[in-house]
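Down below is the structure, laid out as C-alpha cells.
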Amino acid sequence: MTLRPALAAIALLASPGLAAEPLPVGACINMGNHLEPERESGWGGKRIDAADFARIRAAGFDTVRIPVRWSNKVGPQPGYAIDENWLARVTEVVDQALAADLNVILDDHNFEALHEHPDAKRGKLAAIWRQVAAHFADRPTARLWYEIENEPHGALTNANLLATLAPALAAIRETNPDRPVVIGGGNWSGVDSLATLELPDDPNVHPTFHYYEPFDFTHQGATWAGPVPKAGTRDYGTQADADRLAADVAKVEAYIARTGRTPFMGETGAYDGGSSLAERVQYHAAVHEAFAPSGIGMCAWAYANTFPFWNRQTGQWLPGLREAFGLPGN
Ligand code: GLC
C-alpha cells in the first residue's frame, strides 16, 4: 500500500518503535545565568553580545539554549503583558544567535510559582507563551525552538504535566503551528523522568532531560541546590560511577524504544566551585562518550557565567572542556 507523505508521517509517529525525526540539537551550550536574574547577568558575569555567539559557533557548537525568566517581567493579569524593554533585549539576543548560524532553544526558566501552584499559574504560563510565540513567529521554524518550562518540579509532576502545559502549547500553536516545542519531565527533568513522560499528540513536540548524575559530584559546594556535600569532597570516576552512567544510558535507550522519539540532554555539567577543572573535563568526557552512541544532542551547562566553558577573565576557552564535549578544541 502506498501512503501519501503526510499520512505516512502520521503512520510513522503512531507506530511505537519507529523513529520520529530527532531535533537536530547536536553540540549545544546553555547561555546560563544571563537572562534569568532580575537584571541581565545580575548574578555575576557579563551581558551577552554578538561576539559570544560567533565564538560559540566557531568552536563547533550547533545550538544554544537560552534560559529566560519571563514570569517576573509581566504586567497584571489577565493579559500579563511582557515588559517591552525585556522582550526587545531577548529579541536582540535571539537574533544575534540566529545570525551566527546557531539553532536556538528559547525557554521559560525559574517560574517558581508554577511549580508550587500548577493549576493557578498555568494561565499565566499560557499568556507568556502566547506573546513570546507570536512575537517570534516569523523566525525560521527549523532554527528557533521553544521549551515551555525548565525543570518541572515540586507540585508539577509527570502526572499533571500535560494538563498544566496544554494551555501554553495551545497558545503557541495559535501562531506557530509546526514549530518544534520541547517538554521535559518532572523531578527537575532528571533521566528517571523519561520512564513516565508522556507527550502530547503533536509530531513537533520533542522530549528533553537533564543530566547531573551523580548529583553529589556535580553539585558539591552548590549552596543553591539543597543538601549537598562540601566542595572538593567527591571525586568522579569510580566503577560505581561508570556503572551508573551505563544504567542511565540504558534508560534513555528504553525511552527511545518505548516512544520512537529521541530526547536530547538539555543540561549537563559540574559546578566549578565544587570540583577542579580536571575533574569537570573528566566528567564531561565520560558523559559525552557514554551517550553519544544513542545519537542524542547534548547541551553543556554553561557558557560563561556559571559552570563555565569560556573564561571571561582570560578571554579563552577553559582547556579540555570542548574536547571532552566532542568538539575539536584548538
Ligand atoms: C538549573 C537551574 C539553574 C542551575 C542549574 C544547575 O538549570 O535553573 O539555575 O544553575 O540547573 O544547578
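Nothing in this text is a laboratory measurement; each read-out follows from the coordinates by a stated rule. Please read these numbers as outputs of a predicted model, since none were measured by experiment. A quick note on method: Cβ atoms are made from the backbone with ideal geometry, for glycine too, and the neighbour counts reach across all protein chains shown.
When each of the peptides 83-95, 105-117 is scored by how many other beta carbons lie within 10 Å of its residues on average, the order from highest to lowest is 105-117, 83-95. A simple count of charges around Ala126, restricted to other residues whose Cβ falls under 12 Å of its Cβ and scoring Lys, Arg +1 and Asp, Glu -1, yields +2. In order along the stretch 144-151, the phi-based Karplus estimate (6.51 cos²θ - 1.76 cosθ + 1.60, θ = phi - 60°) of 3J(HN,Hα) comes to 10, 10, 9, 10, 5, 8, 5, 6 Hz; Gly and Pro are listed as x. Calculate the FRET efficiency for Thr314 and Asp243 from the Cβ-Cβ distance with a Förster distance of 41 Å, rounded to the nearest 0.05. Calculated value: 0.65.
The mean sequence distance of close C-alpha pairs (under 8 Å, at least 6 residues apart), as a share of the length of the stretch 194-254, puts its relative contact order at 26 percent. A quarter of the convex hull surface defined by the alpha-carbon atoms of the stretch 5-324 gives 15.7 nm² as the mean projection.
Close amide H partners of Asp107, meaning residues 5 or more places away or on another chain with modelled amide H under 5 Å apart, are Ile66, Val68, Glu147.
Ignoring lysines fewer than eight residues from Lys124 along the same chain, the ones with Cα atoms less than 23 angstrom from its Cα are Lys73. Scanning the chain for DSSP H helices at least 18 Å long along the axis (C-alpha atoms) with a Kyte-Doolittle mean no lower than 1.0 picks out 161-175. Shape of the stretch 124-198 from the C-alpha gyration tensor: prolate (a/c of 1.5 or more and a/b above b/c, with a ≥ b ≥ c the square roots of its eigenvalues). Bridging of Lys230 to lysines at a Cα separation below 30 Å is possible for Lys46, Lys251, once same-chain residues fewer than 8 apart are set aside.
Ranked by the mean number of other Cβ atoms within 10 Å of their residues, highest first, the peptides 220-226, 267-273 fall in the order 267-273, 220-226. How many angstrom separate the Cα center of the stretch 119-147 from the Cα center of the stretch 28-59? Their Cα centres are 21 Å away from one another.
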